[in-house]
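What follows is a short report on a single structure.
Just so you know, all these numbers are worked out from the coordinates, no wet-lab data involved. Small disclaimer: the values here were computed from a predicted structure and weren't measured.
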Amino acid sequence: MKVFAIALTAAVVGLTTPAMAEYQQVTTRDDFMNLVSGKSLTRPLVRINVLNDGSISGKGATWDVTGKWSWEGGYLCRSLNWGGDDLGYNCQEVKTNGSKVRITSDKGTGDSADFTLR
């Protein structure tokens with residue numbers, strides 16, 4: 001209810017802020033690379049780099065994260081290993097809102113994780 005009241009107040013007053021902007025789907029490999037190139041996807045205890053050569057590297061808690069990725073049919077498809085555990089292959093929807101990135105498993109129908117680009 002509070003969120004609705006804040007949104008309604010902003011609409012009435014005519015304010016728009018980046019925090020209120022909606023996430024937009026990233027649909028091409030080029031747009032994805034423009035978004036993440038030279039940056040890390042971060043969240044508490046996680047820092048991941050998605051590189052142009054199709055590799056993934058980083059840390060999740062204290063464990064190494066490694067993997068491979070490709071862009072297929074509008075989705076980020078990746079195989080991932082975290083601390084020696086194979087997390088498997090999954091194609092994921094990518095959305096952005098400024099410096100925020102939301103990645104949702106199973107082509108947008110599964111669990112989501114929000115990252116900050118740094």
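Remark: relative contact order (the range 22-117) = 23 percent; criterion is Cα-Cα distance under 8 angstrom and separation of 6 or more residues. What would the Debye formula give as log10 I(q)/I(0) at q = 0.20, 0.25, 0.27 Å⁻¹ for the alpha-carbon point model of the range 37-118, no solvent? Log10 I(q)/I(0), no solvent term: -0.93, -1.51, -1.66. When you restrict to C-alpha pairs under 8 Å that are six or more residues apart and normalise by the size of the range 79-118, the relative contact order lands at 28 percent.
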